[in-house]
Amino acid sequence: MKAGPSRTNRPDNTAFTQQRLPAWQPILSAGIVIPGFTLIGLAFIGVGVALFVTSQKITDLEVRGKRDTHAVLFFFQGPVFFYYGLTSYYQNFRTYGVSKDGYQLSGDTYYFNVRAWYSCAPYQYDSNNNPIVPCGSIANSMFSDTFQLYQVVNGMKKQVPLDGKGIAWWTDYNIKYSNPALVNGSFANAFSGTVKPVNWSKPVYELDPTDQANNGFLNQNFLVWMRQAALPKFQKLYGRIAEGDYAQGLPAGNYTLLINYSYPVISFGGTKKVVLSNVSWMGGKNQFLGIAYLVIGSLCIVMAMVMLIIYAKYKFTDDDEDM
Amino acid sequence: DREFNLSFKYANNAIKTSKYNIFTFLPLNLFEQFQRLANAYFVFLLILQLIPAISSLSWFTTVVPLLLVLCMTLAKDGSDDINRHKNDRQVNNRRVDVLIDGKLKSEKWMNVQVGDIIKLENNQFVTPKDVCYFGETEKWEVHCEAPNNRLDKFTGTLSVQGAAYALDNERIILRGCTLRNTEWCFGLVLFGGPDTKLMQNSGKSTFKRTSIDHLMNVLVLFIFGLLALMCTALAIGNSIWEHQEGTSFTAFLPRQEGANADFSSFLSFWSYVIILNTVVPISLYVSVEILRLGNSYYIDWDRKMYHTKSDIPAQARTTTLNEELGQIKYIFSDKTGTLTQNIMVFNRCSINGKSYGESLQYLGLCEKVDFSWNPLADPKFCFHDHSLIEAVKQGSREVKAFFRLLALCHTVMPEEKREGELFYQAQSPDEGALVTAARNFGFVFRGRTPDTISVVEMGISTAYQLLAVLDFNNVRKRMSVIVRSPDGRLTLYCKGADTIIYERLHPSCSKLMEVTTDHLNEYAGEGLRTLALAYKDLDEAEFEVWKVRHHEASTTMEDREAKLDAIYEDIEKDLMLIGATAVEDKLQDGVPQTIEQLSKADIKIWVLTGDKQETAENIGYSCNMLQEEMTEVFVVAADTAEGVRQELVNARKMMSPGSPDEPPVLKSGIIGKKSEEVLDEKVEGEYGLVINGHSLAYGLQEDQQLELLRTACMCQTVICCRVTPLQKAQVVELIKKHKKAVTLAIGDGANDVSMIKAAHIGVGISGQEGMQAALSSDFSFAQFRYLQRLLLVHGRWSYLRMCSFLRYFFYKNFTFTFVHLWYAFFCGFSAQTVYDEWFITLYNLVYTALPVIGLGLFDQDVDDRWSFRYPQLYAPGQQNLYFNKMAFVRILLHSSYSSIILFFIPYAAIQDTVRDDGKDIADYQSFALLAQTCLLIAVNVQLGLDTSYWTAVNQFFLWGSLSVYFAVTFTMYSNGMFLIFTSSFPFIGTARNSLNQPNVWLTIFLTTILCVLPVVAFRFLLIQLRPTMNDKVRYKMRQDKAVLPPLPRRFPRRRISTRRSGYAFSHARGYGDLVTSGRFLRRNVKSRPTLFPLAESPVAESSPQIYRSIDGTQSSKQA
């Protein structure tokens, strides 16, 4: 037989072409599955307990309806966060979500008048064809209730400061949103020729009369509102109680909440609420994760036992006769 | 003549297989691509997305995948076409000698014209043309059929000076063939370029689709239905929401002008069509093609299917049928050249009552006989019985006569290229084997002229005068020569079927006859093809008389054949018996083992051969298809329709006494496309069926088809003999039509082409003469035994991979899509997406593309050795267990479950949750990121569960995809991207703000575990409670630390058996006579079915038989 040239068509002998690549071939054997389930179960129960206990430690106080005096029965560990919540409110509705202009909100005055392909209709222009800034449904429907919290000390109301700054995401405040440059040294002039959103009582550059810097597109309540909620039931951060006497928390006592009620929710069947809460390493109060971990962990243990029993009873015998 | 021929404008011989040129490539290819349904669907979506009121996703979610698919196809088509251009150029520029103006001139192939006479040389590729062979003539004219694509047929006439000669398939050489064993020859170009049969064949052949393709079509229809259903449901949901909530919510979310609740629900229908479009597996088609291509390359690359001797690797000629290889239920095999090598080996002989070549050789005890004393011996010949060579050397008269006969009585042509290097060109390999045997034993046939034969007898050159050749035909079943030896003696040498010879023996031989008969029985029992040899010394005067009569008969115009036969009959009588030869029809290597493996894999093997019944049956036994242990082997050979039916029914009743008269039928199919499937019937015991051609013709009639089918399918093995190429295809079609089974046809010759094309998968044995079978096949390789590797390893893996791939692919896309469904209930059915648009764009293309392809390219449940050890592992493919409608429904349920988990766990976990600094995290963007991360990790872990063979590549793909996901996500959500493309990347900061939260990761972990653990538990319990073959083997493999248990010790192939004989030149009637005489019955007599035929039908007799006992291999001959 000739060697060499007669074997020109011989395929290469590599692990790849011959499908002999070294490989790990795990199988679902009892030795892996049953201990695996047990371990996962134990771990889950451990995590679940930790989560549950943590969540239990979080204090929260929910205020619904019109009652305005509340008793805090024990020391409310700070920092305490003040949230407002809405239900049946569809911030995640698609046409609602796209109703804004990202270029405009990044401070580009060119887009005050000119539309990119963002659609702000019907809140682009008012009846006199003046451009609305900020345009669109989201901005227009900004939550407008205001809150003041007082501690009743010896019959006297002592205001608890609600810090409305530092409540928005750093990226939103610093990158995503920007105010237009001052025109003639005036912030308001930058918005000249535009009108405020229909539902607003104040123009965007006067949202926070107390702090000039907290205005325009960088008003933190505005930023919080503009970050649409994922679900129709949501709560948004209104302020932090982290200053003065209350920096360490709210002492036990009676508190009065003054609500400037201006935001209509009854018409669409929604509700409002106010929540005071502190946080832990795993965030706000949410029992779900802890309970879920506990339940799943227990189920894993049960399942491991069931599998053990079935394995002991039925495990397929290694008989060769049918092979 | 060139000018004259040119005037007809025959097709130019330049061939063009390429489709495009530089300028037409882009527009033409794009035009073709957009005609595809998948791309059209993309465009439809794109149009929907451009309508602002509907557009729920940005345009790029569709454009990016579309561009990618277009570019990939462009690249592939482009490179294919470049290759074609190259090939065309190479072929067109080959040189050939053309006869122009009486001189040979070297020309490029593309300049050769129809009507040219060209000279072909040995081993030269007959490339671009069909050539007709003929001798030297002067004035000629050829009439032939119009160009067509029938490879196995040609009709035409050649008129030379008024005389007409028929031109048939035997006389032409097709493009793509190689000239073999012929120094050179002249040919006339009949068709050029695109008119050649090969070119007519290529590209236009029917496009084969796999059963999975068909299933996919059904599923895609179903998925479109599902999509419409989901969108309708969601549109209705939207309508309800708009009426109940939307109306009152208008204070914050005003409707668009002129839009009421109903119109908005109409719009939301289309919006959801866009969002949910990912249920329709568009990118699936691209991936499936990649997988099939990859798995085809494995076949091309497999060294274990590479034949070293002929330097031919296996080749997947069709790259779209791979998974079908794992589902074969029926194999239709040709015999000669496929199961057998078409090599005959002189094995035993009986001379003057003494048998030589005892079967000791099979035990390997005996040394080969040394033929070195004979300079003219063929070195390849081997024989193991030394006593024969002793007998020759001692100069025994009978032995000398025996070999002298073999050296003289034949029609072999010798070729002596160099002194002492002899080559024999035999029309039948049997003859070649016999003449070679004589040569090695010192009776070297060295040359012939029309009236002499030169033989070197024990070193002495001798010339015999050849006086007459009494040729073979299928009625005579013998041939004789009459020669005059140098010393003047007149002798008639005759060889032929033993029954024929026995009838013509001189009474004095009766004792020798008995002994020889015993020997013949023995040889036949070993599956050898036997011939009896006899001679007769002629009287000079008697011969002179005969010669005159012979001349008269041979010149009569009427009834020449019959008259000649009668004359021959006169002289071939009172013969003296010399002995008998036994020739082995050599099986290809490993055929019995392969057959055994395949039948263990529950594949039914049908042999369809043009051979005679006994030859076929014999081979059936020797390659393990028919076994002594079989309960019964039925033979159907009736020659009336009713007779055939009766025999079939009898056989069926015997196998299954309770079988109903009406076949059990499963009717199915959608309206308009009814299909009937005949179900398998249970049979106790193993049976074989042998049916011959004319019975088959009746059996294939419309009214008997089902009867034939039922009976045949109850048998383990079916052998159809004396079938025509057309019948081969009909049998395949019959199974295809009535059985929901995948068929494979394997063959090597032109007569197998029809069946190769008809079957779901055609396999060609390449490397034989004539490439037609390989050319029209889907897979080709050099040896039959590679079939087991093709099916049990490549086929099984391909099927497994394809199914794993499809299951996972559907799972990941459904899961991905269904999450939107649940979210709809919480976003007012507004067609809000759960994920970031970029995630939607890249999910299929980038994040999950490679791991699933890795699964489809590398996965294997058990390796090849274990696949061979347990051929039963093949069964799931045949039963279509891994991917069918039920499996699809299971995927739907699984996906629904996963999507519920993937939506509701994050939903519950994010409810009213805040970050650890009190800021919001329940916003839409964070939720989207959470949901998509959960999804991606969960589907990847699921992939891990589905992968059973983790190569480094799989690991790399999996971890790589996850890393790419996080890298891309962080990049797209970075400040820089936002500042550059403000509008495209609104998710700025989401990843940073939410993925640093422990509760986000705890949610991701919980979701993944919840998606996966139930599957693990379910699979584990399934393995324990209802383990499949697969589970057991994998378990065993693990236990034994991959030490393969040895194959159960097979008894060595039994040589001493009781098989029926096959006579190389004998005919069915002789066989029948033998059986009735009882002499050839097996020793341990078992009852045979009563349907055994006594009489041979005239159909078989009248069917043409060439002087050779092979079928298949159409050797090209010179006219």
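All of the numbers you see were taken from the coordinates with simple rules; none came from a lab. Quantities reported herein were computed from a predicted structural model and do not represent experimental measurements. Counting neighbours? That spans all protein chains shown, and the Cβs are built from the backbone with ideal geometry, glycine included.
Once you sort the root eigenvalues of the Cα gyration tensor of region A:216-323 as a ≥ b ≥ c, which label holds: rounded (a/c under 1.5), prolate (a/b larger than b/c) or oblate (the other case)?
The shape class here is prolate.
What's the lysine pair count for region B:497-632 at a Cα cut-off below 25 Å, pairs eight or more apart or interchain? Summing the qualifying lysine pairs gives 12.
Which percent, nearest 5, of DSSP beta bridges in the protein assembly as shown are antiparallel? It would help to have the intermediate numbers written out before the result.
Values: 139 of 173 bridges.
Restricted to the protein assembly as shown, the bridges split so that about 80 percent are antiparallel.
Taking a ≥ b ≥ c as the square roots of the eigenvalues of the Cα gyration tensor of region B:319-469, is the shape rounded (a/c under 1.5), prolate (a/b larger than b/c) or oblate? Here region B:319-469 falls in the prolate category. Shielding of peptide B:999-1006 by partners, expressed as the average count of other chain Cβ atoms within 10 Å per residue Cβ, is 5. Over 23 Å apart at the Cα level, from the set A:K157/A:K285; B:K208/B:K682; B:K329/B:K728, are A:K157/A:K285; B:K208/B:K682.
In this structure, the pairs whose alpha-carbon distance is over 29 Å, taken from B:K76/B:K105; B:K393/B:K477; A:K202/A:K272, are B:K76/B:K105; B:K393/B:K477. Computed with the Debye formula from one identical point scatterer per Cα of region B:426-475, without solvent, the log10 of I(q)/I(0) at q = 0.15, 0.21, 0.22 Å⁻¹ comes to -0.47, -0.85, -0.91. Nearest 10 degrees is fine. How inclined is helix A:30-57 to the longest principal axis of chain A, computing both from alpha carbons? Approximately 10 degrees, to the nearest 10. Rounded to the nearest 500, the 222 nm mean residue ellipticity of the protein assembly as shown from helices alone is -12500 deg cm²/dmol, with -39,500 (n - 2.57) taken per DSSP H run of at least 4 residues.
Peptide B:1015-1024 has a mean of 6 when you count, residue by residue, the C-beta atoms of other protein chains within 10 Å of its C-beta. Which aspartates and glutamates does A:K158 reach when only Cα atoms under 16 Å apart count, and residues fewer than 8 places away in its own chain are ignored? Here the aspartates and glutamates satisfying the reach criterion relative to A:K158 are A:D68, A:E243, A:D245.
Along its first, second and third principal axes, ordered by size, region B:606-653 spans 32, 26, 15 Å in Cα coordinates.
Distance between the C-alpha centres of region B:890-924 and region A:171-199: 36 Å, rounded to the whole angstrom. On the principal axes of its alpha-carbon atoms, region A:251-307 has extents of 60, 37, 18 Å, going from largest to smallest.
What do you get for trypsin sites (Lys or Arg not before Pro) in region B:287-329 restricted to DSSP loop and a cutoff of at most 16 other Cβ within 10 Å of the site's Cβ? Let's see the in-between values first.
On the way: sites: B:R292, B:R303, B:K304, B:K309, B:R317, B:K329; in loops: B:K309, B:R317.
The qualifying sites are B:K309.
Shielding value for B:920-930 is 6, the average number of Cβ atoms from other chains within 10 Å of each residue's Cβ.
Compute the Rg to Rh ratio over the protein assembly as shown from the alpha carbon atoms, using the Kirkwood formula for Rh, and round to two decimal places. Don't jump to the answer; show the numbers that get you there.
Working: Rg = 43.4 Å, Rh = 38.7 Å.
Taking Rg over the Kirkwood Rh, I get 1.12.
Looking at the P(r) of region B:870-931, how many percent of alpha-carbon pairs lie beyond 21 Å? I get 52 percent for the Cα pairs in region B:870-931 exceeding 21 Å. With the convex hull constructed from alpha-carbon coordinates only, region B:800-863 shows a mean projected area of 4.8 nm² over all directions.
Pair-distance distribution of region B:465-577: all C-alpha pairs, bin width 5 Å, starting at 0; shares per bin in whole percent are 2, 11, 21, 21, 19, 13, 7, 4, 2, 0.
Report, as a whole number in µm² per second, the diffusion coefficient that Stokes-Einstein gives for region A:96-242 at 25 °C and 0.890 mPa s using the Kirkwood radius over alpha carbon pairs. Approximately 151 µm²/s, per Stokes-Einstein.
Sorted on the mean count of surrounding Cβ atoms within 10 Å across their residues, most packed first, peptides A:262-269, B:931-938, B:867-874 read B:931-938, B:867-874, A:262-269. Projection of the Cα convex hull of region B:531-690, averaged over all directions and equal to a quarter of that hull's surface, yields 18.0 nm².
In this structure, the pairs whose alpha-carbon distance is over 20 Å, taken from A:K176/B:K919; A:K100/A:K273; A:K315/B:K1032, are A:K100/A:K273. Summary of packing: across the peptides A:287-296, B:715-724, the per-residue average of other C-beta atoms within 10 Å ranks them, highest first, as B:715-724, A:287-296. Note on chain A: the C-alpha convex hull projects to 33.9 nm² when averaged across all orientations.
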